[in-house]
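Notes follow the structure.
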């Protein structure tokens, strides 16, 4: 019986809190978010500002979407002309390798057409074939550091978005 009383009391307090008046709204932002009295901006506005890219940053040109491995479901956005994907902090994109994988890094060149390069003695698997270097096209499958990625080309002027007769693999 005592437990029932405690449960009823908790429910009453929760319902009272739910229907209690909200904090007064001082104004509404340009995007429709509530600004409380004494606040300069809505917290949502600040989050939006932080998510926007700075004016001088490079646009995203290439995405690597993890299909299999430690980065399954993750999307790596690449925009520099040379991107290094590897396991050390000096790389532009740090990837957790599959257990027991020895390769340290892979370079992606985003000048004109997209190329992937690896060091001597290490191979990258592009669409099921081992290679030291290859041109990457939109929707190619690449195995990097034991992870399987899908190449997503966001650059409308690249060879990867041109018709198949213009864009060929090496």
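What to note about this one:
- At the listed q of 0.19, 0.32 Å⁻¹, the Debye profile of segment 2-51, built from one uniform point per Cα, gives log10 I(q)/I(0) equal to -0.69, -1.09.
- Protection proxy ranking, peptides 29-36, 141-148, 67-74, average beta carbon neighbours within 10 Å, highest first: 141-148, 67-74, 29-36
- In percent, rounded to a whole number, the relative contact order of segment 2-51 is 19, using alpha-carbon pairs under 8 Å and six or more apart.
- Ranking of 65, 139 by count of other Cβ atoms within 10 Å, fewest first: 139, 65
Every read-out reported here was derived from the displayed coordinates using simple, explicitly stated rules and does not represent laboratory data. Please read all numbers here as calculations on a predicted model, not as lab measurements. When we count neighbours, we look across all protein chains shown, and the Cβ atoms used for this are built from the backbone with ideal geometry, even at glycine.
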